[in-house]
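Written below as structure tokens is the structure these notes are about.
The values are calculated or read from the model by the stated rules, or taken from the named source; none is laboratory data. Computed from a predicted model, the values in this text were never measured in an experiment. A quick note on method: Cβ atoms are made from the backbone with ideal geometry, for glycine too, and the neighbour counts reach across all protein chains shown.
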Amino acid sequence: MLAAHKLDSPERLRAHLAQGREVQEMRADGQGGWHWQNLAAGDGLPFEPPPRPPLTSAKPLFFAEREALFRFDGGTFYGCLPEIEPKVLFGVSACDLRALAYQDQFFAQDEHYQRRRRQTLLVGYDCGHSCAGGFCTAVGGSPLVNQTQADLILRRNGHGGWTLLVASQAGAEAIAALALPQAPEDWTAERDADLAQVRAEQGAQAEITAGIAAIQAASVEPERWEALGLRCLGCSGCTSVCPTCSCYAPLEQREEGGALLHERVWDSCLYTGFQKEASSHNPAATAGQRVQRFWYHKFGTAFAERFGAYGCVGCGRCDVVCPGSIGAHGVMTRISRP
Amino acid sequence: MIDSTPRPMILEDAYADGEDARHFQLRLVDPQATDLAAQPGQFFMLAVPGHGEAPFTYVRAPDAEGRFSALVRRTGQLTEALFELQIGSVLGYRGPLGRGWPHDLTGRHVLVIAGGCGLAPLAGLIDAARDNAARLQVIYGARHPGAQVLARERARWRLDLDYLETCDVASPGERSGSPVAHLDELLGQNIPDAVLCCGPEPLMLASAEHCLKRGVPAVHIWLSLERRMHCGAGLCGHCHIGASYACVDGPTYNYEQYLALTRAAGLYSTAQAIRHC
């Protein structure tokens, strides 16, 4: 059972956690966008989580969009590793935390990723309502933060205040000095009610369930994937915003002074040349083959078994950004039709 | 944790060894025990500073001094740059990586089918199997005589191995056509215990199907699959084959694994795809 505390304000918690840590929180840019911001010391703005998953998930904070792997000075290769200060991510939704747990497994042996991960305290946020387009409950997820995927969990309670759940030893140690009072015992019932509410709002999502079944049965015909491929512009929008996508490519360039810097940059399996070899042989030469690969990676049985979860957390970002309307709902609807 | 930083190696020598191909003699500056344990069919990432990294297989695995060899065909900007380097140049090395050929060939009847540069990852295996296999048969196909690689190794094998060569466009009087067309003649009534195949993917698949029909179980037919690779650690995503990554789960797969991976993923060939475009 989680320890639960009554919290007078999330801002007070945030200010406390900021002692000795950099704090990052989603903030609106006034133009419809939301971004992770480093909060200045003494920042007292109200905690206002975004109403739906912003296009930027927590992914780039751990799996950097571009970073150096090694340098070569003409005779020796030198590894490059990031130096990371302690930080707290404040107010991460359950879907993004689930994606982070997926990435934690995938990058378990990647020191660049793990250095950032080890230094970060995760403060999750329970969603009381479904976001527009969200389908977390249809892909094995929940609007409620999984206690194994965060250190602290913030939630609005039914009394107009806040409840703070302690999900890890690091979380308990981080708030010990606040000496928060115990929360009323109805928080478990309130969480159950939130889950029921979101399930009802998201509905059956029958096309998602049927699409997953079709992918797992490998019963979608090539012509259907190729028809979907006609809608793919290879823009990498879906792979960039997807919180579980993790492909990267090397990039090498000469620095001032003559040394060579070898970096990795985000890549996309939807790009034409993603698998193209120097010989010009391309095992995924058509857009349909690449679209098929993307969705097999998200819902294929072998991947789901390896990670204990789908590679899709139901955030709906791909539906928002895809110019060809082949985000999750667009694809799953088309492949589940008889 | 994965170490993505190459170790230095020296380009010691190189000689022309087939059309647009060179055989490079390389030396690791500081060989490790893991280098000496490299198995035929495994590969390493070769870094040409300023041009990135690419995977190549060992023709001869590293010895105690760190010396090994690799066959490289000029096909892209990295190999173009490699061919221009001076002897003594410093290159980068990460390896050994991936899974090599199966080890349990002692006392077995082994059939090796190679096509083009696909002979390179089989060279070390051929030299090992000639000593411990009960019977070793090798057939090597190339587009034409000038495209044949590993001339010195082949000259040696011709002397004391059950070894055949064939070319798509052969010299007059020489054997011609795909290696698959000669398998019945090569094998007679025998069924090999293990088939190891490397070359263009259509050749490997045709060879596998032929051997399957002759009664070789799919788990005893091995293919070495070429895929674009960058990280060698199963992370960058480029070398996917269904739910596997060739850089860590391969590049050698037995045919049963290959069929299971492609069926589960619903993979279809580009030829199938183009019919629907």
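One residue stands out in region A:253-277 among those that are part of a strand (DSSP E or B) and modelled with pLDDT of 95 or more: the one that is surrounded by the fewest Cβ atoms within 10 Å (Cβ to Cβ), namely A:Val265.
In region A:285-299 there is at least one residue that is closer than 18 Å to A:Ile212 by Cβ, within 11 Å of chain B (Cβ to nearest Cβ), touching a residue at least 60 places away in the same chain (Cβ under 8 Å) and not hydrophobic (A, V, I, L, M, F, W, C). Whenever a residue of region A:161-173 is over 18 Å from A:Asp8 (Cα atoms), its partners that are at pLDDT below 95, lying with C-beta atoms within less than 7 angstrom and at least six residues away or across chains, give the pairs A:Ala167/A:Leu2. Scanning region B:157-172 for residues that are exposed (fewer than 14 other Cβ atoms within 10 Å of the Cβ), assigned to a loop (DSSP other than H, G, I, E, B) and of a type in the set (A, V, I, L, M, F, W, C) yields a count of 1.
Kindly check whether there is at least one residue in region B:181-197 that is of a type in the set (Asp, Glu) and touching a strand residue (DSSP E or B) at 6+ places or on another chain (Cβ under 7 Å). The answer is yes, given that some residue of region B:181-197 is of a type in the set (Asp, Glu) and touching a strand residue (DSSP E or B) at 6+ places or on another chain (Cβ under 7 Å). Filtering region B:134-172 to residues that are out of contact with any Phe, Trp or Tyr (no Cβ under 8 Å at 6 or more places or on another chain) and among the hydroxyl-bearing types (Ser, Thr, Tyr) leaves only B:Ser171. Only one of B:Gly107, B:Gly18 is out of contact with any strand residue (DSSP E or B) (no Cβ under 7 Å at 6 or more places or on another chain) and within 28 Å of B:Arg143 (Cα to Cα); which? Just one listed residue meets the conditions, B:Gly18. The condition of being within 11 Å of another protein chain (Cβ to nearest Cβ) and at pLDDT 95 or above holds for only one of A:Cys238, A:Cys247, that being A:Cys247. Condition first: crowded, with 22+ Cβ neighbours inside 10 Å and assigned to a loop (DSSP other than H, G, I, E, B). Now tell me which residues in region A:284-308 satisfy that. A:Ala284, A:Thr286, A:Gly300 - these are the residues of region A:284-308 that are crowded, with 22+ Cβ neighbours inside 10 Å and assigned to a loop (DSSP other than H, G, I, E, B).
Restricting attention to region A:67-106, the residues that are outside any loop (DSSP other than H, G, I, E, B), more than 14 Å from chain B (Cβ to nearest Cβ) and either closer than 18 Å to A:Thr239 by Cα or charged (D, E, K, R) (or both) total 8.
If you check A:Ser240, A:Ser219, A:Ser236 for being among the hydroxyl-bearing types (Ser, Thr, Tyr) and without any contact (Cβ under 8 Å) to a residue 12 or more places away in the chain, only one passes: A:Ser219.
Only one entry in A:Gly42, A:Gly32 is more than 14 Å from every other protein chain (Cβ to nearest Cβ), surrounded by fewer than 18 Cβ atoms within 10 Å (Cβ to Cβ), assigned to a loop (DSSP other than H, G, I, E, B) and under 21 Å from the mean Cα position of the chain (by Cα), namely A:Gly32. Based on what the data block shows, is B:Arg154 over 17 Å from the mean Cα position of the chain (by Cα), at negative phi and either part of a helix (DSSP H, G or I) or charged (D, E, K, R) (or both)? Judged against the criteria, B:Arg154 is not a match.
Being in contact (Cβ under 8 Å) with a residue 24 or more places away in the chain, crowded, with 22+ Cβ neighbours inside 10 Å, in the same structural domain as A:Gln197 (by TED's automatic domain parsing) and in contact with a Ser or Thr (Cβ under 6 Å, 6 or more places away or on another chain) holds for only one residue in A:Arg155, A:Arg98, and it is A:Arg155. In region B:208-277, which helices (runs of 4 or more DSSP H) lie fully inside it and hold 1 or more residues that are in contact (Cβ under 8 Å) with a residue 60 or more places away in the chain? In region B:208-277, B:246-249 are the helices (runs of 4 or more DSSP H) which contain 1 or more residues that are in contact (Cβ under 8 Å) with a residue 60 or more places away in the chain. Against the test of being within 11 Å of chain A (Cβ to nearest Cβ) and either under 30 Å from B:Asp131 (Cβ atoms) or crowded, with 20+ Cβ neighbours inside 10 Å (or both), the options B:Arg175, B:Arg214, B:Arg228 yield a single qualifying residue, B:Arg228. Can you pull out every residue in region B:173-189 that is modelled with pLDDT of 95 or more, out of contact with any helix residue (DSSP H, G or I) (no Cβ under 8 Å at 6 or more places or on another chain) and not in a helix (DSSP H, G or I)? If the condition is that a residue be modelled with pLDDT of 95 or more, out of contact with any helix residue (DSSP H, G or I) (no Cβ under 8 Å at 6 or more places or on another chain) and not in a helix (DSSP H, G or I), then B:Ser176, B:Gly177 are the ones that fit.
Taking region B:1-94 as the region of interest, the strands (runs of 3 or more DSSP E) fully inside it that hold 2 or more residues being free of Cβ contacts under 8 Å to residues at least 60 places away in the same chain and more than 14 Å from chain A (Cβ to nearest Cβ) are B:7-16, B:21-28, B:67-73.
Among the numbered conditions (1) surrounded by 14 or more Cβ atoms within 10 Å (Cβ to Cβ); (2) in contact with a helix residue (DSSP H, G or I) (Cβ under 6 Å, 6 or more places away or on another chain), the only one that B:Asp127 does not meet is (2). In the set (1) closer than 28 Å to A:Phe70 by Cβ; (2) at the interface with chain B (Cβ under 8 Å from one of its Cβ atoms); (3) out of contact with any strand residue (DSSP E or B) (no Cβ under 9 Å at 6 or more places or on another chain), A:Gly257 fails one condition alone, (2).
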